[in-house]
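The values are calculated or read from the model by the stated rules, or taken from the named source; none is laboratory data. Fair warning: this is a prediction, and the values are worked out from it, not measured in the lab. Note that we place each Cβ from the backbone using ideal geometry, even for glycine, and neighbour counts take in every protein chain shown. Surface accessibility is based on the protein's heavy atoms, side chains included, excluding ligands, DNA and RNA. Shrake-Rupley method; radii C 1.70, N 1.55, O 1.52, S 1.80 Å.
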Amino acid sequence: MRALRRRRTVAATAVGLAAVLGLSACSSGKESAGSSDNAPKKSGSLSITYLQKQGDQQYFIDEAAGAQAKAKELGVKLKVVNLGNDANKTVSEVQSAVAQKSDGLVIVVPDPAVGPQVVQAAHAANVPLLTSDDQICSTGPDPAKCAKTDLVPRIGFSGTQMGGEVGKRAAAEFKKAGWKAADTRTISAWKQDVTVCGDRVKAAKQTFAAGTGAAVQNIDVATDNTPTGAQDKIAATVTAHSDVKHWVIWGCNDENVQGGVTAMENAGNGAKDVIGVGLGAYLACKDWGSTAPSGMKAALFINGRDVGALAVQTMVDKLRGGKAFQQEAFAPTKMVDASDWKTSGVTCS
């Protein structure tokens, strides 16, 4: 309950601040929410702060490692901060980084509602700001309702491309299994206030439908993007649909799919009746390390190291060369399964 009150406080503050920032954006005609075009070029030593949500998750561990390796290569000082899931800590750590004279900020927010506060703190100090992975908006708490020019430039993956790959593989697995649409359901599981998650899930649905040509009913499941959270929610969904014989599961990340596969197993749905296609591969690979059959049939490998390295390189290019941020820059992805994950560079968490 206390966490809910904190979240409401953060959201309310962000909405109030958004009104002020929105007026400022309209009057100033600024080109991009995170560009800080007036920031001077830096010729000496550089310090960058990389602030991450869920810093103990394998993907973000890899992202930090990639960022640190690139910073070392470029001769840049890098500080990595684990924000956990604390939206209030996000704001205070951004303010701290600014106070410590960080030359550039890269951030993955736990809650997009703090976007306006993060942008204000960075812009007030004329410090360039990039997001990685998730989007934030300078003028409101919801990036999905944000004008493109008010979105902070982002380094990460294309949600549409990733979701499309997941849906394509799920469709192939569905056709290979020979299931009927009437006794099959798809589950889309994601944290529904995270814009990039919505992009992934929407694309997975569309590509699956196009790839199968079958009218399989979909069930949307709202989760907190954790394995246990997804497991609990999907378990309830399975109980409410006990007549369904076969299940296809995708979501925003490996956590959602892993939680769903576990829920299915606990409900007595064996691997032959479950098709899970993960997104990340860092949890999916655990199932493939066992000889037991698994409902986790494949996963899209997204390498956090690539994102971390690209974010640092992009920030350094801005600070040293004045190179403008792209609105979005994407790292590559690859579909993997039990047959090839070990040779693809996947790190199991």
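Before moving on, here are some points about what is shown:
- Counted over the chain, the DSSP beta bridges are approximately 10% antiparallel.
- In the chain, Cα pairs under 8 Å separated by at least six residues give a relative contact order of 19 percent.
- Greater than 23 Å apart at Cα, pairs in LYS175/LYS342; LYS148/LYS202; LYS77/LYS342; LYS42/LYS72: LYS175/LYS342; LYS77/LYS342
- Candidates GLY270, GLY115, GLY280: whichever shows maximal mean-square fluctuation once the chain is modelled as a Gaussian network with Cα springs under 10 Å: GLY270
- For the stretch 166-324, the dipole from Cβ point charges (+1 on Lys and Arg, -1 on Asp and Glu) about the Cα centre works out to 560 debye, to the nearest 20.
- Packing, as the average of other Cβ atoms within 10 Å across residues, places the peptides 138-147, 73-82 in the order 138-147, 73-82, highest first.
- Highest average first, the peptides 101-112, 283-294 ordered by how many other beta carbon atoms sit within 10 Å of their residues are 101-112, 283-294.
- Accessible area of TYR59 in the full protein assembly, 1.4 Å probe (Å², nearest 10): 10
- Under 5 Å between amide hydrogens, built in the peptide plane, is the criterion, and for MET335 it picks out PHE301 among residues at least 5 positions away or on other chains.
- Percent antiparallel among DSSP beta bridges (both partners in the stretch 206-349, rounded to 5): 35
- Highest mean packing comes first when the peptides 323-330, 251-258 are listed by Cβ atoms within 10 Å, giving 251-258, 323-330.
- Span-like helix check, the chain: qualifying full DSSP H segments, with Cα axial length of 30 Å or more and mean Kyte-Doolittle of -1.0 or more, are 2-28.
- Local electrostatic count at SER45 - Lys and Arg +1, Asp and Glu -1, tallied over other residues with Cβ under 13 Å: +3
- Phi to ³J(HN,Hα) by Karplus 6.51 cos²θ - 1.76 cosθ + 1.60 over the stretch 340-349, Hz, x for Gly, Pro: 9, 5, 5, 9, 9, x, 5, 9, 7, 8
- Annotation for LYS148 and ARG320: the two label points, set 7 Å from Cα along the Cα-Cβ direction, are 3.1 nm apart.
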